[in-house]
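Notes follow the structure.
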Ligand code: GLV
Ligand code: MG
């Protein structure tokens, strides 16, 4: 699909480097080179809030990605003010190595078309990624892809804008594989647990995390003592499906929002589950969540040390070695390489 796209310049720029260079034996394929190497947190700001906008100068150097939000959480009568606010932010900041994204309104809203046309015209060269909510199928991505191609040509943009889809409807989950490869512009995907819960008619009012009633009860005790009920992960199936679809198509998987801002511990646990399952980052909705995401999506120093020992024990990535009584082989070498490569990016 990628090779046949009608953007010759774009295709040359964006084809992953491993299309040209052979990989080391057994090395896991790297993600395509993207505008920002690390994307541990996508930090949201509401475009219409002047007070929060005035603090962005301090926030930008602390985050991997800054995102101006135009969609949910922005009242209908503030949609235009939010768009103007994001444009102002784009014009007035130098983002350095921080990514700059925007979450536009959904395709079936009255604001989406103006969001895209105005943003590309005004700050197209500042923006890296457009986050598209409520994506249901490849057709949604195709529409935005074509619209962006037209606007990029019209405004003479120097680099292509990428698309990040939010996976937050039952229909989207059903079509996740087609969505992941719908365009060479695909950057990645975030799991949106709030809209997904609504779309699936789940019985919860939470934004991500667990639920006290979603649990498995241990078997009855002979002595009649109380049975332990452990909470289960509501999102496991979707994560697994999304991560496979993303990685198989060389795009990046993310966890989305965690709504209970006060509960830093549960946020950290939700982020950590995502990290362990293969996600590269999560959204931060409040400055408190920035440090949580940075900590969770950077590899643990003890894990890095152990992973380095595996690489050293098997210099060409083949064979078998025992380390601390644990068997290592080509597969654990590849696992270790994922961790060591990430540690290098993080500078750990
Ligand atoms: C995010 O947009 C969500 O619905 O969880
Ligand atoms: Mg949503």
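The values are calculated or read from the model by the stated rules, or taken from the named source; none is laboratory data. Predicted model, so just to flag it, every value in this text is computed and none were measured. Using ideal geometry, Cβ is built from the backbone for each residue, glycine included, and neighbour counts are taken over all protein chains shown.
Screening region 240-258 for residues that are within 16 Å of ligand 2 (Cβ to nearest atom) and more than 9 Å from the chain's Cα centre (by Cα) and picking the one that is nearest to residue 276 (Cα to Cα) gives 242. Being over 30 Å from residue 338 (Cα atoms), modelled with pLDDT of 95 or more and surrounded by fewer than 24 Cβ atoms within 10 Å (Cβ to Cβ): is that true of residue 47 here? No. Please determine, by comparing only the residues of region 174-197 that are within 13 Å of ligand 1 (Cβ to nearest atom) and outside any loop (DSSP other than H, G, I, E, B), which one is surrounded by the most Cβ atoms within 10 Å (Cβ to Cβ). For region 174-197, the residue satisfying everything is 189. Going through (1) at pLDDT 95 or above; (2) away from ligand 2 (no atom under 16 Å from the Cβ); (3) under 29 Å from residue 38 (Cβ atoms) one by one, residue 189 falls short only on (2). Within region 49-77, the set of residues being within 16 Å of ligand 2 (Cβ to nearest atom), in contact with a strand residue (DSSP E or B) (Cβ under 8 Å, 6 or more places away or on another chain) and part of a loop (DSSP other than H, G, I, E, B) comprises 70, 71, 73, 74.
Filter region 160-173 down to residues that are in a loop (DSSP other than H, G, I, E, B) and either within 15 Å of the chain's Cα centre (by Cα) or more than 16 Å from ligand 1 (Cβ to nearest atom) (or both) and give me whichever is modelled with the lowest pLDDT.
Step one: filter region 160-173 for residues in a loop (DSSP other than H, G, I, E, B), giving 160-161, 168-169.
In the following step, the residues that additionally are either within 15 Å of the chain's Cα centre (by Cα) or more than 16 Å from ligand 1 (Cβ to nearest atom) (or both) were identified as 160-161, 168.
Working: 160: 91, 161: 95, 168: 98.
Restricting to residues being in a loop (DSSP other than H, G, I, E, B) and either within 15 Å of the chain's Cα centre (by Cα) or more than 16 Å from ligand 1 (Cβ to nearest atom) (or both), the top hit is 160.
The residues on offer are 157, 147, and the sole one that is under 24 Å from residue 186 (Cβ atoms) and either within 16 Å of ligand 1 (Cβ to nearest atom) or part of a helix (DSSP H, G or I) (or both) is 147. Evaluation of residue 255 against the conditions (1) more than 23 Å from residue 238 (Cα to Cα); (2) surrounded by 16 or more Cβ atoms within 10 Å (Cβ to Cβ); (3) in contact (Cβ under 8 Å) with a residue 24 or more places away in the chain shows that the sole unmet condition is (1).
Scoring residue 186 on the criteria (1) under 19 Å from residue 257 (Cα atoms); (2) within 16 Å of the chain's Cα centre (by Cα) leaves a single failure, condition (1). Restricting attention to region 112-141, the residues that are part of a loop (DSSP other than H, G, I, E, B), more than 16 Å from ligand 1 (Cβ to nearest atom) and touching a residue at least 40 places away in the same chain (Cβ under 8 Å) add up to 2.
Considering the conditions (1) away from ligand 2 (no atom under 16 Å from the Cβ); (2) in contact with a helix residue (DSSP H, G or I) (Cβ under 7 Å, 6 or more places away or on another chain); (3) under 20 Å from residue 197 (Cβ atoms), residue 263 is excluded by exactly one of them, (2).
A residue that is more than 20 Å from residue 43 (Cα to Cα) and either at pLDDT 95 or above or touching a strand residue (DSSP E or B) at 6+ places or on another chain (Cβ under 9 Å) (or both) cannot be found anywhere in region 267-275. Taken together, the residues in region 338-348 that are more than 18 Å from residue 277 (Cβ to Cβ), outside any loop (DSSP other than H, G, I, E, B) and in contact with a helix residue (DSSP H, G or I) (Cβ under 8 Å, 6 or more places away or on another chain) amount to 2.
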